[in-house]
Amino acid sequence: MSEITYPACLPKKAKRGLFGEVLAGLVTEAYQEHYVGGHAWCVPIFLFREHDDVEKYLWALKFDPARVREIYGRHGTDFVGIALDDAGEVMRVIAGEAKWRKTLNNSTVAALMHGPKERNKETNELEHTGRGIWFEVNRDTPIPHGLRQLQFLLEQRDPEGYAAAILSIDRAVLELGPPPARTDLIVLAGNGAASRDGAESVLDWENMPADYTAGRDLQVVEVILTGGDALIDALYASLWSEG
């Protein structure tokens, strides 16, 4: 495979980030009847198609195939899906965070949800910064920025097929009517810890988490893989081959 073939040329961290977003979409569409509310979710296009830093990297790579550097994460919501009414307008949005970690043990998930640990100068104890997934989801706007990005992508890819959805997003952004209802989604994917039993979740799934204060419908999904790193690399390697 050519080193400059997209997405094989992307750094490992960027590949894992794209995998997390795609996995969130696949899980949402495949298990929508099991999600809170039972809404008919669809993912017409993935947001990684609007990733300015990747675009700049590929532009530079075209002229300098040996260039290697990290890729900054895509700005905005990790993932967005929509539910359409009979007229094709957006009546509900599902949006949130999709994270991949090599091992989903208790400490890794705690760092994801509550932020990394830093030493408290007053107590000299290591404490979570509080700027993890809960922080980001709680402070996100009722209409996620990713919905606007989704609109731009639909205008480029299928403006006629999604004309009603595009127009309804405009109305929502311009506050010309009630905004679409929102469901928050958190997808955590990775290899399970060695001490973890099958079907054992790290996060409490029976009670609403005290750290979640946004007050919207909340869906949390944990995806446990076996040999996840090898699986992701194999998936990318299978996309293109020479000849």
All positions within region 166-185 that are over 15 Å from Ala87 (Cβ atoms) and either of a type in the set (Gly, Ala, Ser) or open to solvent by less than 30 Å² (accessible area, probe 1.4 Å) (or both): Ala181, Arg182, Thr183, Asp184, Leu185
Leading residue by the ranking (nearest to Glu222 (Cα to Cα)) among those in region 170-186 that are in contact with a helix residue (DSSP H, G or I) (Cβ under 9 Å, 6 or more places away or on another chain) and in a loop (DSSP other than H, G, I, E, B): Pro180
Qualifying residue in region 118-128 (condition: closer than 22 Å to Asp184 by Cβ and open to solvent by less than 40 Å² (accessible area, probe 1.4 Å)): no
Filtered residue count, region 136-160, keeping only those that are open to solvent by 60 Å² or more (accessible area, probe 1.4 Å), at pLDDT 95 or above and of a type outside the set (D, E, K, R): 1
Thr77 vs. criteria in a helix (DSSP H, G or I) and either acidic (Asp, Glu) or in contact with a strand residue (DSSP E or B) (Cβ under 6 Å, 6 or more places away or on another chain) (or both): no
Check on Asp217, among the charged types (D, E, K, R) and either open to solvent by less than 30 Å² (accessible area, probe 1.4 Å) or free of Cβ contacts under 8 Å to residues at least 12 places away in the same chain (or both): no
Test result for Ala189, within 20 Å of the chain's Cα centre (by Cα), surrounded by 14 or more Cβ atoms within 10 Å (Cβ to Cβ), part of a loop (DSSP other than H, G, I, E, B) and touching a residue at least 12 places away in the same chain (Cβ under 8 Å): no
All positions within region 27-41 that are part of a loop (DSSP other than H, G, I, E, B) and either closer than 13 Å to Phe79 by Cβ or not aliphatic (A, V, I, L, M) (or both): Tyr31, Tyr35, His39, Trp41
Among the candidates Glu175, Glu160, residue that is among the acidic types (Asp, Glu), more than 21 Å from the chain's Cα centre (by Cα) and on the phi > 0 side of the Ramachandran plot: Glu175
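Okay, residues lined up against (1) under 15 Å from Thr213 (Cβ atoms); (2) without any contact (Cβ under 8 Å) to a residue 12 or more places away in the chain; (3) outside any loop (DSSP other than H, G, I, E, B):
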residue	(1), (2), (3)
Trp134	yes, no, yes
Val137	yes, no, yes
Pro142	yes, no, no
Leu150	no, no, yes
Extreme residue, surrounded by the most Cβ atoms within 10 Å (Cβ to Cβ), among residues of region 87-109 that are modelled with pLDDT under 95 and small (Gly, Ala, Ser): Gly96
Region 221-240, subset aliphatic (A, V, I, L, M) and open to solvent by 30 Å² or more (accessible area, probe 1.4 Å), residue modelled with the lowest pLDDT: Leu239
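The values are calculated or read from the model by the stated rules, or taken from the named source; none is laboratory data. A quick note: this is a predicted structure, and the numbers were derived from the prediction, not measured. Every residue, glycine as well, gets a Cβ built from its backbone with ideal geometry; the counts of neighbours run over all protein chains shown. Only protein heavy atoms, including side chains, enter the accessible area calculation; ligands, DNA and RNA are left aside. Shrake-Rupley method; radii C 1.70, N 1.55, O 1.52, S 1.80 Å.
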